[in-house]
Amino acid sequence: MTFASDPATVLPSLALLSHRVRVLPMDAASLVKMPENTILFLDARDDLATAKTLCRLIHASGLSTPIVLILTEGGFTVVNSQWGIADVVVSTASPAEVEGRLRLVSERGNAPTGATAGATETGVQNEDGLIRSGDLVVDTNGYTASLRNHPIDLAYKEFELLKYLVQHPGRVFTRAQLLQEVWGYDYYGGTRTVDVHIRRLRAKLGGEYEHVIGTVRNVGYRFDPPEEEEGENAAKASAAHADPSEA
């Protein structure tokens, strides 16, 4: 992301590498245009304030995109861990340095070096590839899903869609994003396909769990973990039964 009129001047070494590069303007609207499995180079050379705001916005929106700040030497005096970035690089870095930083960031994302590589955003995926969310269990290795220990009969794309949403709890995806990530770049069908599969998934999850696939009006869909509701209900119940004399 950059404001530069000539993006090739932001990090010249990047053009010498074999990676696919997409240039976007530095604004909030660009966030929904980023494909999954992207490393974001954020041009902070001339506008550190805007770069910091975008970093915060990316994290607030639930995006897990690793961020690499492109800086001048003077920018290092301002940046710290609270920015939530994966790495920094000076604009004059060599191709070898840029490639090395890309490799390290792709392995650890925005997480600290000691973070567990197999964890999802819910933190409940174990070594066997099971993702648990309340009574819903998605087996990413066995390509099966179950609810209260009863198997859910899912078609392949229904499973892939459910798995993708469960792996990114609370994150909103547009229909176009889901189509791209679940069906792939070479799929030429319309986004109506996503709506049809969402409707089928909700029907198969049943009345108590269909709400975990939420609709964000005029945007798309997200997975709302049932644990959050249970936690809120438990907190409310606890507060309601609290001894007034303790207040």
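The values are calculated or read from the model by the stated rules, or taken from the named source; none is laboratory data. The structure displayed is predicted, hence computed values, not measured ones. Counting neighbours? That spans all protein chains shown, and the Cβs are built from the backbone with ideal geometry, glycine included. These accessible areas exclude ligands, DNA and RNA; they are computed on the full protein's heavy atoms, side chains included. Shrake-Rupley method; radii C 1.70, N 1.55, O 1.52, S 1.80 Å.
Applying the set (1) surrounded by 15 or more Cβ atoms within 10 Å (Cβ to Cβ); (2) modelled with pLDDT of 85 or more to Glu181 leaves exactly one unmet item: (2).
Phe76 passes all but one of (1) part of a helix (DSSP H, G or I); (2) open to solvent by 60 Å² or more (accessible area, probe 1.4 Å); (3) in contact with a helix residue (DSSP H, G or I) (Cβ under 9 Å, 6 or more places away or on another chain); which number fails? Going through the list (1) part of a helix (DSSP H, G or I); (2) open to solvent by 60 Å² or more (accessible area, probe 1.4 Å); (3) in contact with a helix residue (DSSP H, G or I) (Cβ under 9 Å, 6 or more places away or on another chain), Phe76 breaks only (3).
The set of residues in the range 155-175 being part of a helix (DSSP H, G or I) and touching a Gly at 6+ places or on another chain (Cβ under 8 Å) consists of Arg175 alone. Of the residues in the range 217-236, none is modelled with pLDDT under 85, in contact with a Pro (Cβ under 8 Å, 6 or more places away or on another chain) and closer than 22 Å to Leu31 by Cβ. When Ala60, Ala44, Ala51 are checked against the criterion of being open to solvent by 70 Å² or more (accessible area, probe 1.4 Å) and of a type in the set (Gly, Ala, Ser), a single residue qualifies: Ala60.
Does the range 81-104 include one or more residues that are within 25 Å of Val182 (Cα to Cα) and surrounded by fewer than 18 Cβ atoms within 10 Å (Cβ to Cβ)? Outline the logic, then answer.
Let us first name the residues in the range 81-104 that are within 25 Å of Val182 (Cα to Cα), namely 102-103.
Retained after the next criterion (residues that are surrounded by fewer than 18 Cβ atoms within 10 Å (Cβ to Cβ)): 103.
Yes, the conditions are met somewhere in the range 81-104.
For the range 18-37, the set of residues classified as part of a loop (DSSP other than H, G, I, E, B), surrounded by 14 or more Cβ atoms within 10 Å (Cβ to Cβ) and at pLDDT 80 or above consists of Leu24, Met26, listed by residue number.
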